[in-house]
Number of protein chains: 4
Amino acid sequence: MASPTNGPVRIAIAGGGYGAKVALPVYSKLEEFDPVAIWSRRAERARELADEAGLELGTSDLDELLSIPGLEAVHVATPVVMHAEFALAAAERGLHVMCEKPVADNLEDACRIAAGIRSAGVVGAVNWGRRMQESRRRLIERAREVVGRPRMVSVSLVYDDHAEAGSRPWSWVHDATLGGGRLQGYGVHDIDLILEIFPDVESVAAATEVGVPERPGGDGGEAMRRVTAEDAYGILLRFRGGGLGLVSLLATAHHRRGDVIEIHGDEGTARLDGDRRVWWGRAGEELRCEGPLDSSSEEAFRQVARNFRAAIRQGAEPEPSLEEGLRVQAVFDAVRAADVERRWVQPKAIP
Amino acid sequence: MASPTNGPVRIAIAGGGYGAKVALPVYSKLEEFDPVAIWSRRAERARELADEAGLELGTSDLDELLSIPGLEAVHVATPVVMHAEFALAAAERGLHVMCEKPVADNLEDACRIAAGIRSAGVVGAVNWGRRMQESRRRLIERAREVVGRPRMVSVSLVYDDHAEAGSRPWSWVHDATLGGGRLQGYGVHDIDLILEIFPDVESVAAATEVGVPERPGGDGGEAMRRVTAEDAYGILLRFRGGGLGLVSLLATAHHRRGDVIEIHGDEGTARLDGDRRVWWGRAGEELRCEGPLDSSSEEAFRQVARNFRAAIRQGAEPEPSLEEGLRVQAVFDAVRAADVERRWVQPKAIP
Amino acid sequence: MASPTNGPVRIAIAGGGYGAKVALPVYSKLEEFDPVAIWSRRAERARELADEAGLELGTSDLDELLSIPGLEAVHVATPVVMHAEFALAAAERGLHVMCEKPVADNLEDACRIAAGIRSAGVVGAVNWGRRMQESRRRLIERAREVVGRPRMVSVSLVYDDHAEAGSRPWSWVHDATLGGGRLQGYGVHDIDLILEIFPDVESVAAATEVGVPERPGGDGGEAMRRVTAEDAYGILLRFRGGGLGLVSLLATAHHRRGDVIEIHGDEGTARLDGDRRVWWGRAGEELRCEGPLDSSSEEAFRQVARNFRAAIRQGAEPEPSLEEGLRVQAVFDAVRAADVERRWVQPKAIP
Amino acid sequence: MASPTNGPVRIAIAGGGYGAKVALPVYSKLEEFDPVAIWSRRAERARELADEAGLELGTSDLDELLSIPGLEAVHVATPVVMHAEFALAAAERGLHVMCEKPVADNLEDACRIAAGIRSAGVVGAVNWGRRMQESRRRLIERAREVVGRPRMVSVSLVYDDHAEAGSRPWSWVHDATLGGGRLQGYGVHDIDLILEIFPDVESVAAATEVGVPERPGGDGGEAMRRVTAEDAYGILLRFRGGGLGLVSLLATAHHRRGDVIEIHGDEGTARLDGDRRVWWGRAGEELRCEGPLDSSSEEAFRQVARNFRAAIRQGAEPEPSLEEGLRVQAVFDAVRAADVERRWVQPKAIP
């Protein structure tokens, strides 16, 4: 699977949102990568982004993107419903694939991507960047050390970036049919973190909500467009063998606060507080504290990118792997069904 | 309905747990009350408690309790499933009733109590003491001032008093068939608080859990007895007209922390942090802070007791009232059904 | 129950919406009634309405309204959640009550109203005006003649009055917590019609939708307010013993059409087409046609008002009666629960 | 995949119902096809049909059917539960497959067929003939032009062909265990039409009904046989991102009428009325009208057959394709589960 040369990995970025804003600058700064092209649904926007970053190509044509000479890898950061199309097209041409989270809009598509990557023999990775943030990485380590079996785990996010209609103009993340919503933005990261510690989710219940129903813009215009993808959610989890979980986010708060994650087990406790400090201890011990820790997305993605290169050049196991992507996808699908069907849903087994 | 004399209210306490530990000492210290008798399921225990407090009577016989001369009121703090029997017997004899929360084990019983009290023309009150705690009282006031319509409300409680089997020996609160569980202990208070601010709950989903399955004792013995009533729970709420709620408690944490309550609305924010400080502000304002505030149960119950007396002597409206008890009961019933039936349940309307 | 004098019935109207726009003008034109007072939540609005109609009193004070000398009856046209308060206060003072549909926001409140009216010995009626429209009245009669047992009944309404945010400024009918929504506006009439023909509904499934999420105004302002009460719905019914029903409304169509109602039984067919013509026939016969028939609300309400007076003055059975109101309410409650809980719900038995 | 010869396609028809009545005569009249054999469960019936149509073979033996020399394609019009067996056997022999709708009795079988056809490298098509009817084809085109996002879509069919027990003698379409029922007859066509316009169905609720419980015959006899497959149904749909749908059919009406299909979106309206006229217009425009348009099944199937040939001879994309068949199947499965489980069900993603 490895391509044991020494040069930087020639990579194309598909997507003018997160792809252009976070992934591209990181790749540009890392000497291990050589970003050569970018795709956006609007050709003009793609060309602008390419010019700004000094890339060889900006295009809205997937085939043109994948045909650029010497291309080795693609970072897929399109709207979620388009992941399968892009990732499979790349794999079929023998290109390595870094896929944004969630892998796909549903488990079936995610499995198709995984199968396509497996049969093409290329490297597949998923950008579970948040677990690479120092604050969350330390929390996971400490939890593994001290908590034992789950009693209760909770992840509570309160953001203010969607509080007003104008504070976040309309984009595909506001459109449910394109795979948008805060669950795909944040919820999947939090499910990923929980599964890293307690992998056995028995069933889920969930509620999603659109608090700000219309936003201006989309395609440059100022007209109000309907928001159909959630800006808030609450999820309950039951673990197999006992223990409860709560995962929630409100993106429309008028006053944000730092992420709070608490992990209570039968042997001890680990906690990330709102000031990015990790607390941990066993039963009977006083909690110890470390922090504030770094939680920057850019630094986290830099680590994801380096792991991706190590898998390409040295044949290392990709981390996070596509299999971890499927595991989250199964729970994510159950959350969507539970919300829609208003009942508890058991995640499907991964084929 | 008022009894316009000046003397202290002669009151009997039914229940050797909270009744003996919190209610009785408060009544004893307040000059507005004259506690005269106590009931416990075990006659010997009842006599001990009466002797210690200098009461006229300690008995395990309800009729004897209610027949003590000059008795005016009864504080019902029995296991929850016995509330209806005690409260109705008291009301039928013309005695005023202070009922522990929840009013009953189900809405039907709670309505029977309310009807019995109404037709007897006596005062009926429910001990929603927690909302009288200074910290929660201020939070409610601030929320009413600034938050507007609900976007997300969350109540998160983490206690360590049930973490070990031996830390809380077995009692009726561990027995589901007697109406035990942490939902009746804390959850109903938190539902009460939410309904004070946002009264329109559309539906609920819920999960309960027994983390420590056996506890020693009960009736003085040391043998292990099975725990059937939850020591942890998570609840999701959808509000009619929009907005989500989360209510959770873990009583088996190895490391406790202060209660955290957050109320996010379309106009502003109010929050109680883990150090008993209240924060509040409108959209665009910085949050202001007050505290730490008092959260003692005893002081809170003192206020409930005084309100009860005012209703008895001056004909004031009881606060908290039985109607507020029914409102919580409807949601509480829905939570129980939602947990068992693994689906979302709409609270019943109160007849 | 009858008040056998000859004079007009002195009546007060509670509500500045339908009450002021439809009920008051009809009462003013009918010599059988003498409208004397009007209530609105805003005192100034109430006085304006009273002045325009030459009434003795316009007030926002319920007690003042009910205390006007010689008052005999009240027409309750407030937001739905306030029906119980107004109807019961009126009945307690011995006033006859004409209640807008639905009787209340839930079956329990509706039963309380019915019980209050029964125990006060006054006349209680519900304004199921639509079934009094000539078009629907004839359809019901023809259906009873020819259709036999139910195979399928469908009611399909397509209106354009809510298509644009500005076409219907925000009022209480857009607020779910005040009992608003198109189900209370139209759905209950259509359920009433179906129950007139096939009274045995076994269970219902339902979906509601807010298509236009914000509307300007409310209290005179132009700011956008959130719409939380449905502007579209679809309902499925199963009849006990067989047969299906469909009831739907879209209030946000860009092109309206006439109401279509089809009643297919095992013996024949009756149908109201979009041009207000009734078609009917037995199996084997060709359908006959009558119409276009009148469907004016004003004429229909005139008949309801006359029936109300006949019940007051001559002791006639009120038609439509409160009992018919309860029957609809049980199905209406089931529809709400079915929508919220995403399952089939059996209507409760009427106590 | 294409077989680039010029001659007619040698095709066998499996099924003595629709296959013999509609498909065979069309193939016989089209010079692009050469029907050579027919299969029916009863050998005698098969031979009769072959004789009448001048075919080389009539048989009840699947292997014999598929072994006829020079055979290129099979039209599978058996009872639904046998589709997978026939289609897979044909594909394995390298024969192109035209499958009647629905593709199978459940999504799993449908996917097996699709996988078998894919791996055999033959052409697979599904006979979604109704969408090829001129009336429906124009409606779809107009809807795509003017309606925008869904607010409400409804399809209402009222037929009289099953009204009496004797009007349609018993056949496999009356037997649920053979995959019969009006949903497989008509409902899947209507779901197909809706998905052509609004492909994102979030969840469904449904009710089916047998109105005429016994029918004479089957296998030539006159004895009454039990009907277990629905002759009426009602379906509610919620679209992802908002909007409602209603699909209903009554096959036991005593008075039939033309199909009515209404499509209301946030930008405009398209409608097929009972006289086969299409109406359409954008918000603010008056509706324009076209028609009456042709709705003959035979003409529609002729187009399906021509498309099938183009896929075989010129390598054109089959239209309607098997993928479109799977999309309908996922919703069809959800409808069956929703009916049985009496709850809302989310369609499965297609693997």
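The values are calculated or read from the model by the stated rules, or taken from the named source; none is laboratory data. Keep in mind that what you see is a predicted model, and the values were worked out from it rather than measured. Because the Cβ atoms are built from the backbone with ideal geometry, glycine has one as well, and the counts that use them run over all protein chains shown. What goes into the accessible areas is simple: the full protein's heavy atoms, side chains included, and nothing from ligands, DNA or RNA. Shrake-Rupley method; radii C 1.70, N 1.55, O 1.52, S 1.80 Å.
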Item checked: Failed condition for D:T269, given (1) assigned to a strand (DSSP E or B); (2) closer than 15 Å to D:S135 by Cβ -> (2)
Next item on the list: Of all residues in the stretch C:110-133, count the ones that are open to solvent by 30 Å² or more (accessible area, probe 1.4 Å) and without any contact (Cβ under 8 Å) to a residue 40 or more places away in the chain.
Entry: 5
Item checked: Among residues of the stretch C:230-244, those that are at negative phi, open to solvent by 10 Å² or more (accessible area, probe 1.4 Å) and within 8 Å of another protein chain (Cβ to nearest Cβ), counted -> 1
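Yes/no per residue for (1) of a type in the set (S, T, Y); (2) within 7 Å of another protein chain (Cβ to nearest Cβ); (3) not in a loop (DSSP other than H, G, I, E, B):
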{"position": "C:L246", "(1), (2), (3)": "no, yes, yes"}
{"position": "C:L249", "(1), (2), (3)": "no, no, yes"}
{"position": "C:G258", "(1), (2), (3)": "no, no, yes"}
{"position": "C:I261", "(1), (2), (3)": "no, no, yes"}
{"position": "C:G274", "(1), (2), (3)": "no, no, no"}
{"position": "C:G281", "(1), (2), (3)": "no, yes, yes"}
Next item on the list: Go through the stretch D:1-54 and give me each residue that's open to solvent by less than 50 Å² (accessible area, probe 1.4 Å), assigned to a strand (DSSP E or B) and not small (G, A, S).
Entry: D:V9, D:I11, D:I13, D:F33, D:P35, D:V36, D:I38, D:W39
Next item on the list: Name the one entry in B:R336, B:R343 that is of a type in the set (K, R) and out of contact with any strand residue (DSSP E or B) (no Cβ under 6 Å at 6 or more places or on another chain).
Entry: B:R336
Note to self: The conditions are (1) over 30 Å from A:P351 (Cβ atoms); (2) modelled with pLDDT under 95; (3) of a type in the set (G, A, S), and A:S156 fails exactly one of them. Which is it?
What the structure shows: (2)
Checklist line | Identity of the residue in the stretch C:245-280, under 22 Å from the mean Cα position of the chain (by Cα) and of a type in the set (D, E), that ends up surrounded by the most Cβ atoms within 10 Å (Cβ to Cβ) | finding: C:E262
Note to self: If A:A84 satisfies all but one of (1) open to solvent by less than 50 Å² (accessible area, probe 1.4 Å); (2) under 27 Å from A:G180 (Cα atoms); (3) out of contact with any Lys or Arg (no Cβ under 7 Å at 6 or more places or on another chain); (4) hydrophobic (A, V, I, L, M, F, W, C), what's the number of the condition it fails?
What the structure shows: (3)
Next item on the list: Pick out the one residue from D:L157, D:L88 that is touching a helix residue (DSSP H, G or I) at 6+ places or on another chain (Cβ under 9 Å) and within 14 Å of chain C (Cβ to nearest Cβ).
Entry: D:L157
Notebook entry, point to check: If we keep just the residues of the stretch B:142-152 that are in contact with a Phe, Trp or Tyr (Cβ under 9 Å, 6 or more places away or on another chain) and more than 10 Å from every other protein chain (Cβ to nearest Cβ), which is most open to solvent (accessible area, probe 1.4 Å)?
Noted result: B:E145
Notebook entry, point to check: Of all the residues that make up the stretch A:320-346, how many are away from every other protein chain (no Cβ under 14 Å) and more than 18 Å from A:Y27 (Cβ to Cβ)?
Noted result: 8
Item checked: Filter result (at the interface with chain C (Cβ under 10 Å from one of its Cβ atoms) and not aliphatic (A, V, I, L, M)) within the stretch D:203-229 -> D:S203, D:T208, D:E209, D:G211, D:P213
Notebook entry, point to check: Out of all the residues in the stretch C:209-232, is one or more under 20 Å from the mean Cα position of the chain (by Cα) and within 24 Å of C:P150 (Cβ to Cβ)?
Noted result: no
Check: Hey, any hits in the stretch B:288-303 for a residue that's at pLDDT 95 or above and within 9 Å of chain A (Cβ to nearest Cβ)?
Finding: no
Margin query: If I filter the stretch D:2-17 for residues that are within 18 Å of D:G116 (Cα to Cα) and modelled with pLDDT under 95, do I get at least one hit?
Written below: yes
Note to self: Can you confirm whether B:V76 is of a type in the set (A, V, I, L, M) and open to solvent by 40 Å² or more (accessible area, probe 1.4 Å)?
What the structure shows: no
Note to self: Tally up the residues in the stretch D:293-324 that are part of a helix (DSSP H, G or I) and either touching a residue at least 40 places away in the same chain (Cβ under 8 Å) or touching a strand residue (DSSP E or B) at 6+ places or on another chain (Cβ under 6 Å) (or both), please.
What the structure shows: 20
Checklist line | Failed item, numbered, when D:V212 is tested on (1) at pLDDT below 95; (2) more than 22 Å from C:I263 (Cβ to Cβ) | finding: (2)
Item checked: Qualifying residues in the stretch A:28-53 (those that are under 20 Å from A:A89 (Cβ atoms) and of a type outside the set (A, V, I, L, M, F, W, C)) - the one modelled with the highest pLDDT -> A:P35
Next item on the list: May I ask you to list the residues in the stretch A:163-181 that are more than 10 Å from every other protein chain (Cβ to nearest Cβ), in contact with a helix residue (DSSP H, G or I) (Cβ under 9 Å, 6 or more places away or on another chain) and farther than 17 Å from A:A77 by Cβ?
Entry: A:R168
Next item on the list: Output yes when any residue across the stretch B:305-318 is surrounded by fewer than 22 Cβ atoms within 10 Å (Cβ to Cβ), more than 12 Å from every other protein chain (Cβ to nearest Cβ) and under 24 Å from B:V247 (Cβ atoms), and no when none is.
Entry: no
Next item on the list: Considering every residue within the stretch A:122-131, establish whether at least one is touching a Lys or Arg at 6+ places or on another chain (Cβ under 8 Å), closer than 30 Å to A:I263 by Cβ and hydrophobic (A, V, I, L, M, F, W, C).
Entry: yes
Item checked: Cross-chain or 6+ apart pairs with Cβ under 8 Å, the stretch D:161-189 first and among the aliphatic types (A, V, I, L, M), then surrounded by fewer than 17 Cβ atoms within 10 Å (Cβ to Cβ) -> D:A165/D:E214; D:A165/D:P216; D:A165/D:M224; D:V173/D:G17; D:A176/D:T228
